[in-house]
Amino acid sequence: MIEFLKEIQLDLMLVLGGICAIIAFFVYVTKTLTNRRKAILMCMEIGAMLLLLFDRYAYIYRGQPDITGYWMVRISNFTVFFMLIFVVHTFVLYLKDLVKNEMGLSAVPVRLKAANILAVASEILLVILQPLKLFYYFDETNTYHRGPGFLCMYLMPIAICIICLSVIIQYYGRINKGIRFSLLLFTGLPGVAALAGYFLPGISVTNISVVATVILLYIFALLDMTETAAKVNKLEIEYLTEERRSMQRLFQQTATAFVTAIDAKDLYTRGHSLRVAEYAKKIASAYGKTEQECQNVYFAALLHDVGKIGIPDSVICNEGELSDEQAELVREKPLIGNQILSGITEYPFLSEGAHFSCEKYDGTGYPDKLAGDDIPETARIIAVADAYDTMTSQKSNRDPLPKAVVREELLKASGTQFDPDFVKIMIELMDSEDDVHTQENNGITMGVLTKELHCTDYRSSVLPGIVIAPEETGITFTVKSEKQDDKDFSAPSIIIFDSFDGREHNNSKAVKAYHYMEYGEVWFDGHYISTNARNMEVSVHEAESAGNADDRDKTRIEMITENTAEQYRIEAGRFKDHLKIKMFGAGKTVEIIIALPDASKWAYIGLTGEHCHISDIKIEQTGKIYSEGDIPRIAEEISYIDRMTGDVPNVQIDGTRERSSVGFAIRNGMKLMFHSMNLPGANLVWHCPYLVIYYSSDGQVGGEDYREYALIKWNGEAHQMCDYAENTVVLEKNENFKDWEDWEERLKKGIDCEVNFRRKNNRIILTTESLGISINNTTLIKDGQKDIYVAITGDQCAITDIRARSA
């Protein structure tokens, strides 16, 4: 090993010396160091380079008796001795610079000053005493030999390094992590190498190790500078980011205060701009916009109604129909808004939002009658968000519209008033928050309810509806008479009804808007009124005749009569199209059986009364589930599928995806045919047939290992049900499509449907056309499943004559 080192050490010296020269150049050109530290590092690297260069020459010319050898060995060895001390001296200066500028010490430690003096003294002694051949000498063959003072001079650099090491250890915690190791290496490794070199003459262990640590010192210093620069850059970025956020908050607060003041001009638009901004931001995010783009959309939406500041309050607060002159003033709003915001040149999207948010996708909007993609994207997003908030907010002439009605209005306006892409996103956001396909989220849920009700005149107060479901619901409450005189009638009653929002309505506009249908009203004495029920039977039992009732009824009657006549209870449940309601109170038990128009109808109980105070209202689910035989049938079950049967049984779907047809394995070229007729109660655009593409081990919807890939509705909606598939739907309307009202009417009359399938490996293409709507849906199956099925389902429709044919 020693012989190998002797062979390669000259080449190693040349390589390390060259590296030192390159590093010296990089130190010279760098701009991240102070001038003092740059000078110290350059001297260190140049000194290390000269140390190895002349050490190499000393070995090359050693033992050469000519005149060149004579001078080269003497110059080289002197330079080696001097540069070794010089490099150690520069390290002391480097450490002093660190102490002053980075370790936070008020003064340089005395030991470092002593080390500095020792280094200077060593250099002076070498210059003065070496002519006396005290440290080394040469014989007549120009061969190097150690002198009597060699050990003293040899130990000087080691002593300096030990002093420096003591300082490094003492202040280790204050030194940057990036350079700790290199400092320890410089003070430790050369000392070890020096001791080894003393016993290994002929190998420059000390010099090579010193130069190697000098190189490492720069590398670690460079890494530390990079890390420090990164930290500074990070802090600067954080500062600028916080500044930007602060400015953004200031802008947001200013803009919010401004639009809040504008919205406050009308009681029913308070908070409108803020809500529109939030909805618009959600749409933009779902569309794939960046965070900054979403913020831009937010602020544009926040200020989209700023033009109202130029419209008279009398017009904004008008609760009736606008005159032609007033309508013309309202149409000035986008122009005024654009005029106000166009001065903010840094944010041109603000004026775009105000100027173009009243445009319509089909070009019938204002002020410029732009159409399609000519309308700025931000304005198209705001238009959808604005319409959604307008429909779901309280107005002077109406309550907020139910989500189902809002969803339908958005779907009907897709492609005409609004951009279909943004309508689709808004509907997906609605669907993710609420089940707007059903009415289960309307009315009152268990435990969420006003605890009391003050009733004066007939129907002056009606509790929001309590849904009647297959699981029996119990309602208990206390009634206190509040008659003004003996002529006043005082008693509680219940209204049985259906409406989109689960509330009772008597205004003609509300009845139409919420599709309100009343089945009847019943009082606790057995008196009743039947309106839109197919049939209603009411039986009354006196409390004292409880022996003829079952034990459960007897318990209820005893509970009421033993306390006071003011305590009442209702129990209600349903099975298919029949309701059963039992009313306990006033010493009577009233049992009502109601046959609904059909099984697709919903039913709510609205608690009301006259001249009474209803309090302590509690709702519970008793746990009883009504099934076949629990409710006597008083009207025949209505079936809309008593028609021709195809390859598989017909299916009647009374509620959203309540039932499905038999599944068919999808084959290339397959054709699926069926007849669909909407039920009489169907009144929303998604009340239509659906196709579901799926997999299950038994081939049936909801079967074992069920996995759903797509849901396609005849109104053109398509839903991707999982991450295992990717769906692309293209909807087109042709001349056969008149409008959605006509489309719904024709569905109620019944249509023949034909669906064509093409399949190639994991790609399934479905095409169909009905009533002027053409649907082309491509489903890409990602999970590698081979057996893919299709079934027919829907909402409030009857599917008959189902046939599948292969190509």
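The values are calculated or read from the model by the stated rules, or taken from the named source; none is laboratory data. Here the structure is a predicted model, which means the values were calculated and not measured. Positions of Cβ are backbone-derived with ideal geometry, glycine not excepted, and every protein chain shown enters the neighbour counts. Quick note on the areas: whole protein, heavy atoms, side chains included, nothing else; ligands and nucleic acids left out. Shrake-Rupley method; radii C 1.70, N 1.55, O 1.52, S 1.80 Å.
Cross-link check: pairs Lys289/Lys395; Lys412/Lys748; Lys31/Lys234; Lys96/Lys177 evaluated at a Cα-Cα cut-off of 22 Å; pairs beyond the cut-off: Lys289/Lys395.
Dimensions of the chain based on its C-alpha atoms, expressed as ranges along the principal axes with the largest first, amount to 140, 73, 69 Å. In terms of overall dimensions, the C-alpha atoms belonging to the range 40-169 reach 56, 28, 22 Å along their principal axes, ordered largest to smallest.
Our estimate of slack between Arg746 and Lys509, defined as 0.36 nm per intervening residue step minus the Cα-Cα distance, is 82.8 nm. Both radii come from the Cα set of the range 1-110: Rg as radius of gyration, Rh as Kirkwood radius; their ratio Rg/Rh reads 1.10.
Fully extending the segment from Ser166 to Glu428, taken as 0.36 nm per residue of separation minus the present Cα-Cα distance, adds 87.4 nm. For the range 6-62, the per residue solvent-accessible surface stands at 53 Å², with DNA, RNA and ligands left out and a 1.4 Å probe. The Rg/Rh ratio of the range 6-53, with Rg taken over Cα atoms and Rh as the Kirkwood radius over Cα pairs, comes to 1.10.
The portion of the accessible surface of the range 337-424 made up by carbon and sulfur, rounded to a whole percent, is 46 (1.4 Å probe; DNA, RNA and ligands excluded). Other residues within the sphere of radius under 14 Å centred on the Cβ of Ile617, judged by their own Cβ, net out at 0 (K and R +1, D and E -1).
Under the criterion of Cα pairs below 8 Å and six or more residues apart, the relative contact order for the chain equals 8 percent.
Shown for the range 231-282: the carbon plus sulfur share of the solvent-accessible area, taken with all protein chains present and a 1.4 angstrom probe, equals 60%. Counting only heavy atoms of the protein chains and using a 1.4 Å probe, Cys317 has close to 60 Å² of accessible surface.
Kirkwood hydrodynamic radius computed over the range 320-405 comes to 14.2 Å, based on all pairs of distinct alpha carbons.
Relative contact order for the range 375-425: what percent, with Cα pairs under 8 Å and sequence separation of 6 or more? This gives 39 percent for the range 375-425.
Stokes-Einstein D for the range 728-807 at 10 °C, 1.306 mPa s, Kirkwood Rh over Cα pairs, in µm²/s? It diffuses with D of about 108 µm²/s by this estimate.
Based on protein heavy atoms only, the range 626-672 ends up with 55 Å² per residue of surface accessible to a 1.4 Å probe.
Rounded to the nearest 500, the 222 nm mean residue ellipticity of the chain from helices alone is -14000 deg cm²/dmol, with -39,500 (n - 2.57) taken per DSSP H run of at least 4 residues. Taking label points 7 Å from Cα along the Cα-to-Cβ direction, Arg707 and Arg657 give a separation of 1.7 nm.
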